[in-house]
Amino acid sequence: MKTTSFNALAMLLFFLVAMSSATASVKETQDIPYLGKGRKEKLDAYLPILSDGQLAPAVVYIHGGGWAIGDKASGKQRAIPIALSKEGYAVFSINYHLTRFAGKKWKSEIKTPGWPQNIYDCKSAVRYVRKNAAKYKIDPNRIAVMGSSAGGHLALLTALSYENQKLNDGALYTDVSCRVKCVISLCGIPDIRIWGGDAFMGSDPKENAQEWALASPVTHLSEKSPPIMLIHGDKDLTVDVSLSTKFAEMLAQKKHPHKLIIVKNAGHNLQLKSKANDLTPNVVKFLDKYTK
């Protein structure tokens, strides 16, 4: 009986130490003012504990929410940065300028558009991370960007439009590049002219066709664009999976480096880990391949 109690106690202590070590392997710092004075939007840093002299690759993570809601601090949005930081990546999860509606969201007139300040904020985040690489012990040449849903759209746009002067001029820290090594989109929107433009742009596509094209990641695709990972649920009732599959077909035709993962029986709010799936190994493999 005593031996059994001792073994149970030993197992409990082992479990607590293991949990403590897992928690201690990541340092989280909240509400870093990356956009300067006068902006309420901040970023959270999830930094892996490294050996002396070691530099981590970085991921800028952009939350979803139809370009109008969402918060880096919510449980669902925290899960992905935590998972990746435990894999050795420094993750910087951002809030950014959101669209404000006069009444019910997406059902009324846009009072304050998120565009183009939202993309300026995303590019500023990449530049902030690169500019402060020494402070956060990251490699400035190994930065990726990732986003979910509306954040997936902004991640794709950030990555593919890094040379577009019009989308770069409004961002901060323009003395450093906003170029990234690769981009990951979870249920994102590659082309707002096909889906989402009404909620995102708030203008008539016939009268403002150039601006709608400017805000669509597919129009910026070139041979210089970074590798792209697309992850989408086949039961997504918000952003149809065909947006990702058709984009992947375009990438395949152009022989552009990419990876498409269709998650079976999954809806719109994809997480890296669920009861049915664990996408973490696939994401980490993609990041490891293109950020090293």
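The values are calculated or read from the model by the stated rules, or taken from the named source; none is laboratory data. Treat the numbers as computed from the prediction; the structure is a model and nothing was measured. Using ideal geometry, Cβ is built from the backbone for each residue, glycine included, and neighbour counts are taken over all protein chains shown.
For residues in region 134-145 being surrounded by 20 or more Cβ atoms within 10 Å (Cβ to Cβ) and over 15 Å from TYR162 (Cα atoms), which is nearest to the chain's Cα centre (by Cα)? The selected residue is ARG142.
Filter region 239-257 down to the residues that are more than 20 Å from PRO226 (Cβ to Cβ) and either in contact with a Pro (Cβ under 7 Å, 6 or more places away or on another chain) or touching a residue at least 60 places away in the same chain (Cβ under 8 Å) (or both) and list them by number. If the condition is that a residue be more than 20 Å from PRO226 (Cβ to Cβ) and either in contact with a Pro (Cβ under 7 Å, 6 or more places away or on another chain) or touching a residue at least 60 places away in the same chain (Cβ under 8 Å) (or both), then VAL239 is the only one that fits. If you filter region 33-48 down to residues that are aliphatic (A, V, I, L, M) and within 19 Å of THR174 (Cα to Cα), you find that the one that is farthest from the chain's Cα centre (by Cα) is LEU35. When region 201-253 is filtered for residues that are farther than 20 Å from LEU287 by Cβ and among the charged types (D, E, K, R), the ones remaining, listed by number, are ASP204, LYS206, GLU207, GLU211, GLU223, ASP234, LYS235, ASP236, ASP240, LYS246, GLU249. Filtering LEU251, LEU243, LEU260, LEU270 for residues that are in a helix (DSSP H, G or I) and within 19 Å of the chain's Cα centre (by Cα) leaves a single hit, LEU243. Exactly one condition in (1) in contact with an Asp or Glu (Cβ under 9 Å, 6 or more places away or on another chain); (2) buried (at least 19 other Cβ atoms within 10 Å of the Cβ) is false for MET229; which is it? The one condition MET229 does not meet is (1). Of the candidates LEU157, LEU172, the single residue that is touching a helix residue (DSSP H, G or I) at 6+ places or on another chain (Cβ under 6 Å), surrounded by 16 or more Cβ atoms within 10 Å (Cβ to Cβ) and within 24 Å of SER85 (Cα to Cα) is LEU157.
Output yes when any residue across region 232-241 is within 14 Å of CYS187 (Cβ to Cβ) and basic (Lys, Arg), and no when none is.
Pass one, region 232-241, residues within 14 Å of CYS187 (Cβ to Cβ): 232-241.
Then keep just the ones that are basic (Lys, Arg); that gives 235.
Looking for residues that are within 14 Å of CYS187 (Cβ to Cβ) and basic (Lys, Arg), one finds at least one in region 232-241, hence yes.
For region 81-114, filtering for residues that are acidic (Asp, Glu) and under 24 Å from GLU28 (Cβ atoms) leaves 1. Residues in region 273-292 that are in a loop (DSSP other than H, G, I, E, B) and of a type in the set (Lys, Arg) were compared, and the one that is modelled with the highest pLDDT is LYS275.
Counting just the residues of region 122-170 that are in a loop (DSSP other than H, G, I, E, B) and in contact with a strand residue (DSSP E or B) (Cβ under 9 Å, 6 or more places away or on another chain), which one comes out nearest to VAL283 (Cα to Cα)?
Here is the first cut: in region 122-170, the ones in a loop (DSSP other than H, G, I, E, B) are 132, 137, 149, 161-164, 169-170.
Subset that is in contact with a strand residue (DSSP E or B) (Cβ under 9 Å, 6 or more places away or on another chain): 132, 137, 149.
Numbers: ASN132: 25, LYS137: 22, SER149: 16 Å.
Out of the qualifying residues, it is SER149.
Considered as a group, the residues in region 198-222 that are within 20 Å of the chain's Cα centre (by Cα) and among the small types (Gly, Ala, Ser) include one that is farthest from LEU160 (Cα to Cα), and that residue is ALA199. Note on region 21-121: enclosed strands (runs of 3 or more DSSP E) holding 1 or more residues that are modelled with pLDDT of 95 or more are 26-32, 43-48, 56-62, 90-94.
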